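In what follows, a single structure is set out as structure tokens and then discussed.
The values are calculated or read from the model by the stated rules, or taken from the named source; none is laboratory data. Source: prediction; values computed, not measured. No Cβ is skipped: glycine too gets one built from the backbone with ideal geometry, and neighbour counts run over all protein chains shown. Note: accessible area is taken over every heavy atom of the protein model, side chains too, but ligands, DNA and RNA are not part of it. Shrake-Rupley method; radii C 1.70, N 1.55, O 1.52, S 1.80 Å.
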Amino acid sequence: MPDSATDAFQLDARLGADTRAIGELGLSRLLLMNDSRFPWLILVPRRAQARELVDLSEADHAALSAEIRQVSQALRDLVPTDKLNVAALGNMVPQLHVHVIARTRGDAAWPGPVWGAGRAEPYDVAAAERLMAGLRARLGL
């Protein structure tokens, strides 16, 4: 039976404009933020009305938590990482989404947050494809 919450899912236009699609996990769409200064992934649960973590069912919350863990490990396996930042803010984009950002000492925003830290530097196509291919391989996408 189709899940109407999933069937009605549409990615927020701002997330679509700022990212590259990596693939579909069990619950979430996985995106790469198009800012080469930070290895920055975004998980968006495919639940149409979800704005907050508490809007998810217990099963979906558990699935998202497992996906965050899988994505975090895959990212850490692929890129230098001193600290993983994981956050669900949604002040600019109300659609529920979770950021997973690999941070390194001395990166463009260290030790502050990445939000509002200078101007994004888009990936060149080859670099983005290499990172996305590595993630797809590690995540079985």
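With every protein chain present, what is the per residue accessible area of the stretch 59-141 (1.4 Å probe, Å²)?
Dividing the accessible area of the stretch 59-141 by its residue count gives 57 Å².
Could you pull out every residue, at least 5 positions away or on a different chain, whose amide H is within less than 5 Å of the one on Thr19? Hs are placed 1.01 Å off N in the peptide plane, and Pro or chain starts have none.
For Thr19, the qualifying residues are Asn34.
If R₀ is 41 angstrom, what is the calculated FRET efficiency for the pair Arg105 and Ser57, using the beta carbon separation as r and rounding to 0.05?
After rounding, the FRET efficiency stands at 0.60.
Could you check the spin-label model distance between Thr81 and Arg138? Points 7 Å from the Cα along Cα→Cβ, value in nm.
0.6 nm
With +1 on each Lys and Arg Cβ and -1 on each Asp and Glu Cβ, and nothing else charged, work out how big the dipole of the stretch 3-82 is about its Cα centre, in Debye to the nearest 20.
Here the stretch 3-82 has a charge dipole of around 240 debye.
Any chance you could give the angle, 0 to 90 degrees and rounded to 10, that helix 58-78 forms with the longest Cα principal axis of the chain?
Taking the Cα atoms of the chain, the angle to 58-78 is about 20 degrees.
Could you put Arg136, Arg69 in order of accessible surface area, largest first, with the 1.4 Å probe and the full protein assembly present?
Arg69, Arg136
When the chain is fully extended, how far beyond the present Cα-Cα distance does Leu89 get from Ala128, taking 0.36 nm per residue of separation?
The span from Leu89 to Ala128 would gain 11.6 nm if fully extended.
Can you give me the Cα centroid spacing of the stretch 92-141 and the stretch 26-62 in angstrom?
What the calculation gives is 14 Å, centre to centre.
Can you classify the stretch 1-77 as rounded, prolate or oblate using the Cα gyration tensor, where a ≥ b ≥ c are the square roots of its eigenvalues, rounded means a/c under 1.5, and otherwise it's prolate if a/b beats b/c and oblate if not? Spell out each step's value before the answer.
Values: a/c = 2.14, a/b = 1.36, b/c = 1.57.
Note, shape of the stretch 1-77 comes out oblate.
Would you work out which of Trp110, His97, Leu84 lies farthest towards the positive end of the dipole of the stretch 43-115, given +1 charges on the beta-carbon of Lys and Arg and -1 on that of Asp and Glu, about the Cα centre?
Farthest towards the positive end: Trp110.
Determine the calculated [θ] at 222 nm for the chain from helices alone, applying -39500 (n - 2.57) to every DSSP H run no shorter than 4 residues and normalising by the residue count; nearest 500 deg cm²/dmol.
On the way: 4 runs with 46 residues, N = 141.
Value at 222 nm, helices only, nearest 500: -10000 deg cm²/dmol.
So if the hydrodynamic radius of the stretch 65-141 is defined as the Kirkwood radius over C-alpha pairs, what does Stokes-Einstein give as its diffusion coefficient at 4 °C and 1.567 mPa s, in µm² per second?
Here the translational diffusion coefficient equals 93 µm²/s.
Specify which labelled value, from (1) 0.98; (2) 0.95; (3) 1.09, agrees with Rg/Rh (Cα atoms, Kirkwood Rh) derived from the coordinates of the model shown.
The calculated read-out lines up with (2).
At most 16 other Cβ atoms within 10 Å and a DSSP loop assignment: could you name the GluC sites (Glu not before Pro) in the stretch 44-141 that fit?
Working: sites: Glu52, Glu58, Glu67, Glu129; in loops: Glu52.
Those that pass, being in a loop and sparsely packed, are Glu52.
Highest GNM mean-square fluctuation, the chain, Cα pairs closer than 10 Å: which of Arg47, Arg76, Arg119?
Looking only at Arg47, Arg76, Arg119, the biggest GNM fluctuation is shown by Arg119.
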